[in-house]
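One structure is given below, encoded as structure tokens.
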Amino acid sequence: MRILIDGDACPVKDEVLRVADRHRLPVLIVSNRWHRIDHWLVEQVVVPEGADAADDVIADRAEQGDVVVTADIPLAARALAKAAKAIDPRGRVFDDNSIGMQVAMRDLMKDLRETGAVTGGPAGFTRQDRSRFLDGIERLIQQIKRESRE
């Protein structure tokens with residue numbers, strides 16, 4: 001088990017490192033730029049600029065039992081297709097039962113923004129979001145550990 005982070009816009013890298021350290025899990029951060037993170041569990045991959053360059057690396061490297069941290073719903077769907085788990089920075093776990101609806105909602109909101117019917121983006125990131133993320137990733141890791149023992 002390892003944690004793969006969609007790193008460029010991820011606001012919970014420090015939280016991931018705390019959880020990874022507690023569980024001694026390797027972390028892979030994939031992004032378009034280098035992050036100043038010096039941690040013995042972290043490997044960084046810097047990809048060229050491009051719409052899905054980081055997503056492609058994460059999807060290619062994700063394996064069963066890994067945890068992918070991303071707000072990108074299509075990347076979460078790709079991770080689930082490889083039997084990895086996925087969680088967003090607000091602590092929402094993506095799963096096979098909900099990913100189809102989440103992809104459909106993402107596409108609908110994109111269309112509404114393009115037509116001007118909806119403006120703006122998601123709400124600002126809060127302390128409660130950080131707390132929900134920490135709780136969610138801890139539960140997810142515990143679930144994967146239980147499943148691997150069965």
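Bear in mind that the values in this text are calculations on the coordinates, not laboratory data. A quick note: this is a predicted structure, and the numbers were derived from the prediction, not measured. Cβ placement follows ideal geometry from the backbone for every residue including glycine, while neighbour counts extend to all protein chains displayed.
General observations
- In terms of other Cβ atoms within 10 Å, Phe133, Phe125 run from fewest to most in the order Phe125, Phe133.
- Here is the P(r) of the chain: all C-alpha pair distances, binned every 10 Å from 0, give 11, 40, 37, 11, 2, 0 in whole percents.
- Taking the number of Cβ atoms within 10 Å of each Cβ as an exposure proxy, the fewest-first ranking of Asp66, Asp8, Asp60 is Asp60, Asp8, Asp66.
- Neighbour counts of other Cβ atoms within 10 Å put Lys110, Lys85 in the fewest-to-most order Lys110, Lys85.
- Take every Cα pair under 8 Å whose residues are at least 6 apart in sequence, average their separation, divide by the length of the chain, and the relative contact order is 20 percent.
- A simple count of charges around Arg92, restricted to other residues whose Cβ falls under 11 Å of its Cβ and scoring Lys, Arg +1 and Asp, Glu -1, yields -1.
- Once both labels are positioned 7 Å from their Cα atoms along Cα-to-Cβ, the gap between Thr126 and Ala81 label points is 3.5 nm.
- Pairwise label distance in nanometres, Gln143 with His39, each label 7 Å out on the Cα-Cβ vector: 2.1 nm
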